[in-house]
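Undergrad: Pasting a structure below so you can have a look.
All of the numbers you see were taken from the coordinates with simple rules; none came from a lab. For clarity, every value in this text was computed on a predicted model and none was experimentally measured. Positions of Cβ are backbone-derived with ideal geometry, glycine not excepted, and every protein chain shown enters the neighbour counts.
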Amino acid sequence: MQIKLIPFPIIVSAPSGTGKTTVIKKVVERLPYVEKVATLTTRPPRKGEISGKDYKFVSEQEFWDWVNTGNVYEYATVYGYHYATPKPDVERILNEGRYPIMALDIQGVKSMRKIFPDALYIFLIPPSWEEWRRRLTMRGAENIDKRMAAATEEINEWRMFDYVVVNDELEATVELVVKIIDVERYNIKHIEVNYAAP
């Protein structure tokens with residue numbers, strides 16, 4: 001008897017500033033079969049970010065070249081910058097038998113749901129509005145009131161996800177997300193069982 005695991009995309013979403021990028025980074029460090037997909041974006045790099053690892057930082061022209069040649073699954077404009085999920089990277093990781101993990105906003109999740117209905121969708125939420133505002137302030141985010149208003153709408157979409165995780169304490173959150181991924185690999189949606197009777 002054999003079980004064949006069929007890899008699937010892992011989609012993590014959260015209101016801006018909830019910590020999805022940090023959680024994904026730590027999950028990848030813990031799970032060697034998971035690889036982060038670097039999202040295309042036209043926004044400038046933040047301090048310490050590396051193009052091709054954190055994001056693929058591209059010009060407006062380069063971005064639309066990717067879109068117009070059909071090399072993205074979805075794209076969106078958020079706070080004046082464009083973001084897209086590069087199709088070749090996701091396909092490469094899946095073809096290698098591994099699991100692509102990516103951070104998407106709610107618009108992106110809705111698009112990917114149509115393309116990958118059996119992917120794993122995880123939604124991170126902050127422990128409280130007060131803590132979330134504090135985190136946004138600490139990272140120097142702009143348009144905090146606008147972001148918080150948008151977050152209210154995003155959190156109302158929680159039912160489109162498979163799991164909702166409160167990102168209160170980072171290590172506990174990472175541990176839970178790792179367990180979710182490990183369990184989901186053996187969900188009947190993601191396996192084939194070959195059973196040869198004696």
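Undergrad: How high is the FRET efficiency from Asp182 to Glu157, r the C-beta distance, R0 25 Å, rounded to 0.05?
TA: 0.45
Undergrad: If one computes the Cα centroid of the range 36-109 and of the range 7-31, what distance in Å separates the two points?
TA: Centre-to-centre (Cα) distance: 14 Å.
Undergrad: Now for a separate question. What residues from the range 17-48 fall in the zone where the backbone N is under 20 Å from a label point 7 Å along the Cα-to-C-beta line of Asp65?
TA: Output list for this probe position: 38-45.
Undergrad: Quick one: P(r) of the chain from all Cα-Cα pairs, 5 Å bins, percents rounded to integers, in order of increasing distance.
TA: Distribution as computed: 1, 7, 15, 19, 20, 17, 10, 5, 2, 1, 1, 0, 0, 0 percent.
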